[in-house]
1. Mind jotting down a quarter of the surface of the convex hull over the alpha carbons of the chain, in square nanometres, one decimal?
2. With the full set of protein chains in place, find how many percent of the accessible area of segment 14-67 is carbon and sulfur; take the probe as 1.4 Å.
3. Amide H neighbours of residue 116 under 5 Å, counting only residues 5+ apart in sequence or on other chains, H built in-plane at 1.01 Å?
4. Mind grabbing the base-10 log of I(q)/I(0) for segment 11-136 at q = 0.12, 0.18, 0.22 Å⁻¹? Debye formula, identical points on the C-alpha positions, no solvent, two decimal places.
5. Mark the label point 7 Å from the Cα of residue 302 along Cα→Cβ and return the residues of segment 16-43 whose backbone N is within less than 16 Å of it.
6. With +1 on each Lys and Arg Cβ and -1 on each Asp and Glu Cβ, and nothing else charged, work out how big the dipole of the chain is about its Cα centre, in Debye to the nearest 20.
7. Can you give me the distance in nm between label points at residue 246 and residue 270, each placed 7 Å from the Cα along the Cα-to-Cβ direction?
8. Multiply the residue separation of residue 256 and residue 55 by 0.36 nm, subtract the distance between their alpha-carbon atoms, and state the gained length in nm to one decimal.
Amino acid sequence: MKAIRIHEDGGPEVLRYEDVPDPEPREGEALVQLRAASLNHLDVWIRKGLPSVPKPRILGADGAGVLAGTDERVVINPGILSNGKMQIVGETMDGTHAELIAVPREYLHPIPDDLSFEEAAAFPLVFETAYRMLVTRAHVQAGEWVLVWGIGGGVATAAMSIAKALGAHVVVTSSSDEKLASARELGADEAVNHETDDVVARVKEITGGGAHVVVDDVGEATWKRTLDAARPEGRVVICGATTGPNPPAALHRVWWKQLSILGSTMGTPDDFKGAYDLIAAGKARPVVDRVFPLADARAAHERLEAGEQLGKIVLAIP
């Protein structure tokens, strides 16, 4: 089969579109003929060099296709529990940027009828992550205000969609007015340019005192404003720190405002099911930014690293 595989660490130039052996399903696994797969920042981090990931490695956590030899459309839950530990497709095992993959049967789910393969491949990891952040950890409620930083990213667009599906109001930020306009069309209640506007002042004005929940995976660049933009007794939920993990803690802001700081990492099968059910019911929907052929994975990586996307970048697999 054809696949995108890396043999060494580096930039997009290390991605190889090459022939690799077909996977052989083990007991309890099923073979999936993939039709679409999406990119995550996880793919970039692995490509650049995670010591825990052996090489060669086929990248890709998210994928959708058909069960081999059938017309049954399926999407993969990429978070596989094994011996009590979370295994992520594309990190601890070969991934979805390929024509075939073998995965445990219980981690395959029917694709809702109104979703294309590309849309199905766009939701699993980021929606599972966002669902855990908002529902399992932050317990967002209908009528609350949620602030989502950096609406271009996959987790951010998923968080916006899930929050709206649950009846919350959403303020999003971006440095791109074009992305902000698109976010409004996708359902954002308010949109703020975090380079040209005073985000804290605008959020307090919009929400009447601050956000009930702040979704932050940016870290150092946003942390002070995150604490300031949360209302008293608000919840700040974090799943990453793309600009750095060690901002000044500003503990006085935490205790004085009685904030709850919640860490969150990916999700459980129950988190996946919660996100899946919202999508299957038509209450939430993944956002596809652009589709590239599998062979053009390098261009897809370049777009992701440049931060040009709004939503998920997808690879179409012939």
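The values are calculated or read from the model by the stated rules, or taken from the named source; none is laboratory data. As the structure is a computational prediction, the values presented were derived from the model and not from experiment. When we count neighbours, we look across all protein chains shown, and the Cβ atoms used for this are built from the backbone with ideal geometry, even at glycine. Side chains are part of the model used for accessible areas, which takes the heavy atoms of the whole protein and leaves out ligands, DNA and RNA. Shrake-Rupley method; radii C 1.70, N 1.55, O 1.52, S 1.80 Å.
1. Working: hull surface 62.7 nm².
Over all viewing directions, the chain projects a mean Cα-hull area of 15.7 nm².
2. Details: 1240 of 2430 Å².
Reported share for carbon and sulfur atoms: 51 percent.
3. Correct list: empty.
4. For the requested q values the scattering log ratios are -0.43, -1.00, -1.44.
5. 16-17, by backbone N distance to the label point.
6. Working: 32 positive and 45 negative charges, 167 e Å.
It works out to roughly 800 debye.
7. About 3.6 nm separates the two model spin labels.
8. 67.5 nm
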